[in-house]
1. Restricting to strands (runs of 3 or more DSSP E) lying wholly in the range 375-427: which have 3 or more residues that are not polar (S, T, N, Q)?
2. Select from the range 221-244 the residues that are surrounded by 14 or more Cβ atoms within 10 Å (Cβ to Cβ) and over 18 Å from Phe147 (Cβ atoms) and list them in ascending order.
3. Consider only pairs whose beta carbons are under 8 Å apart and that are at least six residues apart or on different chains; among these, list those whose first residue lies in the range 456-467 and is of a type in the set (A, V, I, L, M, F, W, C) and whose second residue is buried (at least 22 other Cβ atoms within 10 Å of the Cβ) and not in a loop (DSSP other than H, G, I, E, B).
4. Mind listing whichever residues of the range 351-374 are part of a loop (DSSP other than H, G, I, E, B) and within 30 Å of Trp428 (Cα to Cα)?
5. Among all residue pairs at least 6 apart or on different chains, which show Cβ distances below 7 Å where the first residue, located in the range 402-423, is at negative phi and the second is in a helix (DSSP H, G or I) and of a type in the set (Asp, Glu)?
6. Considering (1) modelled with pLDDT under 95; (2) part of a helix (DSSP H, G or I), say which one Gln311 fails and leave the rest.
7. Given the options Phe337, Phe331, Phe299, name the one that is modelled with pLDDT of 95 or more, under 30 Å from Glu445 (Cβ atoms) and not polar (S, T, N, Q).
Amino acid sequence: MDTTQNGSVTTIRNIDSLCTVAEIEGCDFSRFSDRPRPLNMERQRSCDERSLSELSVGLSPHPSYRNTDLSFRFVDHFDGAFSPGRRSGFNTPRSQNGFEPHPMVAEAWEALRRSLVYFRGRPVGTIAALEESDEKLNYDQVFVRDFVPSALAFLMNGEPEIVKNFLLKTLRLQSWEKKIDRFQLGEGVMPASFKVLHDPVRNTETIMADFGESAIGRVAPVDSGFWWIILLRAYTKSTGDSSLAEMPECQKGMRLIMSLCLSEGFDTFPTLLCADGCSMIDRRMGVYGYPIEIQALFFMALRCALILLKQDAEGKEFVERIAKRLHALSFHMRSYFWLDLKQLNDIYRYKTEEYSHTAVNKFNIMPDSLPEWIFDFMPKHGGYFIGNVGPSNMDFRWFCLGNCIAILSSLATPEQSTAIMDLIESRWEELVGEMPLKVCYPAIESHEWRIVTGCDPKNTRWSYHNGGSWPVLLWLLTAACIKTGRPQIARRAIELAESRLLKDSWPEYYDGKLGRYIGKQARKSQTWSIAGYLVAKMMLEDPSHLGMVVGCGRAVRGIGVDRSGAGGSGGIGVGEVKWERGGYWLGKMGMNGWQGRGRKDGEGEK
């Protein structure tokens, strides 16, 4: 099954009824003009302050959003929510409706544009940090994961060319021969970063890429390929232009990445086995095995690839393999990585040494291994995906990126998404504190720190990746808040960041249990801190921007679409809300198209 988008035209090709891919998320809603029947919508318990439109009325240059009721429970279908090329107004001193944006916005845009890297006259990315330092290390390079929030900011501002250049340049780097010592890496590995080298004598420019051979610990970036696919999907959805994704080179690049991930081996789980340091947490932090960040990104990239890959002779096999993997992966993650009060109590009472397919304690987890902090940390209402699950091993730490991506990709069910947001609200001081957001919680210290990190002086307790606070995570939290209908959580976090980020010169991270101190080795003018703030602000201004990073492709039978409206009595389940300019449609996507139940906006139902 394929969808091709050219401008505002969406074409849905015929589907083989035997295909495991059941439905398409994405539809031209202008075709559905039937009058709706009324539908009562349940507001989240934390949404009783104001609706999303009221929260952002002082930001939005689009008056049509002011009265829009956005108190819906879950949002999962945002395809078709964009006007390609439309600018947000943030690159001008004043928004179109006359409201002054926050003074930080103009400063942030100026700093983001200064970070642009050019290759032969064209912008191809943004450097990691603008700060002048004698020890640049690799902060003067363009990192794939770091560029994602910058790319989203440019897409939201109607500047897709930068993103297109980046996608094509990194795609060409994928084809390079990749060796570490005498070992050759997989053909599909994407670079962690690249640097443009200028030769003033010869007046030439060349690119040097790093696939892990120069990284600390010499670990290849597992997440780069996933972020590349996710960004390609965001570009396609934002511009309405599918020609880039349909290029033979892009199709081959996706297939190579999928080949690495879907290859058969000795593993008994659908999750990906990874080394320490293969993602944002790029140093030894005890995340080897099956880290939540990689599994959530893997799930999201699979969903994106499912819609981007053509069903030609080469792509059809991958589509089927992806669909099967998604089904297995979603079951595994939701069953074994999920922790709430009930599950915690079950683990506390586990029997061990069970030998049978009927075993309850399938991973032979020892109840005595439960850390003491988890009993006080777990709220009555709330839950999250834990950091890692493997044989006799559960890492109970909270990891922000993995849980936010789980919400955005619909790896988390509606109930689980609600529980994650409940946890953030209940444990605000621990997970947000004075500067959002903790990359993980809690910090490891003392003897455990020495064993797990190898006495890493950069990852001391409550610093860097060991419980440090990272402003870049703002955009992920904001996106998750909007999707779950709880934007006031994001607004509160953004206001905290605005109180210090500019004054502190956009640090990379903050230290301390509450995130009170600028990180001891944090670079200033960190580009993804700047871009993360901009993306968060623009999402609150125009929630339809969320469509770039949610609803990542076709729904697969058994996952992604909730037929029962499982948000609770009167709630809206995943797959039953779709945003459109000036309002949102109620209903769900079926084999025969959108089964609309009505449309609501500021003027009532139509």
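The values are calculated or read from the model by the stated rules, or taken from the named source; none is laboratory data. Keep in mind the model is a prediction, meaning the values are calculated, not measured. Cβ sites come from the backbone with ideal geometry, for glycine too, and all protein chains shown count toward neighbours.
1. On the way: elements: 383-385, 388-390, 393-395.
Passing ranges, in order: 383-385.
2. Passing the criteria: Gly240, Asp241, Ser242.
3. Trp462/Asp511
4. Residues satisfying the conditions are Ile365, Met366, Leu370, Pro371, Glu372.
5. As it stands, the answer is Gly402/Glu293, since those pairs meet every condition given.
6. (2)
7. Phe337
Yes or no, residue by residue, for (1) buried (at least 24 other Cβ atoms within 10 Å of the Cβ); (2) in contact with a Cys (Cβ under 7 Å, 6 or more places away or on another chain); (3) more than 25 Å from Glu508 (Cβ to Cβ); (4) modelled with pLDDT under 95:
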position: Asn345; (1), (2), (3), (4): no, no, yes, no
position: Leu370; (1), (2), (3), (4): no, no, yes, no
position: Ile374; (1), (2), (3), (4): no, no, yes, no
position: Lys380; (1), (2), (3), (4): no, no, yes, no
position: Asp395; (1), (2), (3), (4): no, no, no, no
position: Ile405; (1), (2), (3), (4): yes, no, no, no
position: Leu423; (1), (2), (3), (4): no, no, yes, no
position: Glu434; (1), (2), (3), (4): no, no, no, no
